[in-house]
Amino acid sequence: MCGIIGFSGETDCVPVLLGGLDTLSYRGYDSAGIAVAGVSGVHTVKAKGKLDALKEKLKTHPVSGSTGIGHTRWATHGAPSDENSHPHTSGTLTLVHNGIIENYAAIAEKLRALGYTFVSETDTEAAAHLIDSYYRENGDPAAAIYRAAQEMHGSYALGVLFHDRPNTLYAIRKGSPLIVAQTDSASLIASDIPAILPYTRSYVRLPEGILAVLDGAEISFSDENGSEVALKTETVDWDVEAAQRGGYAHFMLKEIHEEPEVLRATVAPYLKDGLPHFDVPGFDGGALAGVERIHIVACGTAMHAGLLARQWIEAEARVPVTVEIASEFRGREPILGEKDLVLFISQSGETADTLEALRLVKARGVRTAAIVNVVGSTVAREADDVIYTRAGPEIAVASTKAYIVQCATLRLLTICLALARGRMTEEDARRQCRILLEDVPESIAKTIALAAEIETIASRLKTKPHIFYIGRGADSVLGTEASLKLKEITYLHAEAYAAGELKHGTISLVEDGTPVIAILTEESLAEKTVSAIREVKSRGAFVIAAVSEGIAENREIPSDLLLTVPTAGREAWIAALPTMTAMQMIAYCTAAQMGLDVDRPRNLAKSVTVE
Ligand code: M6R
């Protein structure tokens, strides 16, 4: 996620901007830049790569001035490059942006017709030109910003520096976060609290649609009618590290809480007229209609997202899917047909096994596609077709929000495949997309709110050496990811079994008090899973059932603890994501109760770049 810092004061702002960008770097970034209003105008310096590259550039292109803006960019539109880095300038102004302007293509088309030329591939440049076009018309910064804001769809936090008002900063936001702070002699804007902590502990959360005007130590807030607005100042009592975690005890918990937001941020840009549209050649309707088989190749959690997608794609689009562990795929002779789609999934885009598997497929002359979170990562650069998820940086080693957005993207792919093959009506596809965009994030938020019940479950797990997850169909696959989550951060031994397979051997491990977590999201398979619950209970298991709302209403579940997972419909796919959020929370709460280093579990790395 991008980071914004802005300063208006009496002293040189460059150290403040660089310090702020450094503090915001935990948000993840691939390039950085600053723009400073000096005696000879506004000067911008920006560089692809880490902050050191920017600092190096500043040695040969020094700038100074008392008002300025800075930005760390997490690429979404356009690869990491100097040109795509912020700040962006258009005639009368320079600005920084965090968020995604969904209708930037339409805005750019209009502006090109007015004579604007674009030098970057970013959505942000459209915002800069749009505000510039209105400022040239009316000469009023507030009116120009408000008019542009009305036209922009999506999310934005903007910091704007008009060249003819070198002491003043303008800021507005929708969706993306922005705070405003004041000291005795200066004022600041920032994406997040840690960036202001060296100067003050008081700040204002800028409400959506309110314009902040910062001029030295003076700050005013106004609405779109120009009326002044009084805003409440809040005080922070966290230290810097806690502030980076947004006040959450761990990054993992923060990242679970971000799931509703990143799910919407991932799905929204891929909807056109309510239907999924990926805008890459390998994923258009014609290409998908001709796909004969799909091979999904990935590691760990990303591979588990593929397992869930297999359930969906085979059932609804009737395309055969194989899901392969990347390291295994590489070690054998996979049979790949000309009309096959080979899809790689990776949060980091740097996982060595996934990357080498991709290279192997490319060497065979077969087209490759990838679902990746990190823009400009190696997998993203080397795959023929890339679809980005928009989870933002995931810092905790245990993957949570990245899994949710991978699954959401795979759900969109399922709908695309089913449409392309005439197996789903447009009406149903639209209904499903709306549920994915609106209802599923809401159910996830309600699931997170079940924290107290989940803490009780965790308290029953933390002393147990072996824990089993059972379920059928998609529920068995969810169990596989749930058990990985629990294992990696609690060091407890957890295994997932297809509920019907237990009686073929593993049930011998169940004894008095063994926790068995049963997952039930599929109505048509629920009775059979209930039978498996009875089997383990009669052998002494302590059964925790995570059951989606509709299923819980219809039948008695013979469990010791019951967690009813909120869901917005009876179809199993709708329940899958909130159910996984519940599983992530169970793992998190168990590890936290055990006092473990949740974000940095032993022996593990966030990105596995070795084979
Ligand atoms: O970055 P990737 O998605 O390629 O990473 C793959 C796995 O290493 C990763 O999902 C791992 O399993 C997670 N830490 C599990 O939470």
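Net charge in the neighbourhood of THR67 (other residues with Cβ under 12 Å of its Cβ; Lys, Arg +1, Asp, Glu -1) is -2. A straight Cα-to-Cα reach below 26 Å connects LYS446 with the lysines LYS174, LYS254, LYS401, LYS462, LYS485, LYS487, residues fewer than 8 places away in its own chain not being considered. Summing charges over all other residues whose Cβ lies under 11 Å from the Cβ of ASP82, with Lys and Arg as +1 and Asp and Glu as -1, gives +3. If the segment from ARG423 to LEU275 were pulled out straight at 0.36 nm per residue, it would be longer than the present Cα-Cα gap by 51.8 nm. Accessible surface for the chain, divided over its residues, is 38 Å² per residue with a 1.4 Å probe.
Taking a straight Cα-Cα cut-off under 22 Å and skipping sequence neighbours fewer than 8 places away in the same chain, the lysines within cross-link reach of LYS50 are LYS59, LYS606. Shape class of the chain from the Cα gyration tensor (axes a ≥ b ≥ c, square roots of the eigenvalues): prolate, since a/c reaches 1.5 or more and a/b is larger than b/c. Between the C-alpha center of segment 313-347 and that of segment 77-139 there is a gap of 40 Å. Database remark: amide H of ILE467 closer than 5 angstrom to the amide H of HIS493, ALA494, GLU495 (H placed geometrically; neighbours at sequence offset of 5 or more, or on other chains; Pro and chain starts carry no H).
Our helix-only sum for the chain, with -39,500 (n - 2.57) per DSSP H run of n ≥ 4 divided by its residues, gives a mean residue ellipticity at 222 nm of -11500 deg cm²/dmol. Which aspartates and glutamates, if any, have their Cα less than 20 Å from the Cα of LYS503, not counting same-chain residues under 8 positions apart? In chain and number order, the partners are ASP475, GLU495, GLU511, ASP512, GLU527, GLU535.
Taking amide H as placed 1.01 Å from N in the peptide plane, VAL342 has its amide H under 5 Å from the amide H of HIS295, ALA369, each at least 5 places away in sequence or on another chain.
Atom-type composition of the exposed protein surface of segment 450-597 places 49 percent of the accessible area on carbon and sulfur (1.4 angstrom probe). For the pair segment 541-555 and segment 354-398, the centres of their Cα atoms are 37 angstrom apart. Electrostatic bookkeeping for LEU93 treats Lys and Arg as +1 and Asp and Glu as -1; over the other residues with beta carbon under 14 Å from its beta carbon, the sum is -2. As a fraction of the 1.4 Å probe accessible area of segment 3-242, surface on carbon and sulfur atoms comes out at 49 percent. When the Cα gyration tensor is reduced to axis lengths a ≥ b ≥ c, the ratio a/c is 1.5 or higher for segment 28-121, and with a/b not above b/c it is classed as oblate.
Could you pull out every whole DSSP H run in the chain that spans at least 18 Å of Cα extent along its own axis and averages -0.5 or higher on the Kyte-Doolittle scale? Span-like helices here: 300-316, 401-420, 474-490, 523-537, 572-593. The Cα atoms of segment 3-242 give a gyration tensor whose axes a ≥ b ≥ c have a/c under 1.5, which makes the shape rounded.
Between segment 265-289 and segment 444-484, the C-alpha centres lie 33 angstrom from each other.
The values are calculated or read from the model by the stated rules, or taken from the named source; none is laboratory data. This one's a predicted model, so the numbers in the text were calculated from it and none came from an experiment. Because the Cβ atoms are built from the backbone with ideal geometry, glycine has one as well, and the counts that use them run over all protein chains shown. With ligands, DNA and RNA removed, areas are computed over all heavy atoms of the protein, side chains included. Shrake-Rupley method; radii C 1.70, N 1.55, O 1.52, S 1.80 Å.
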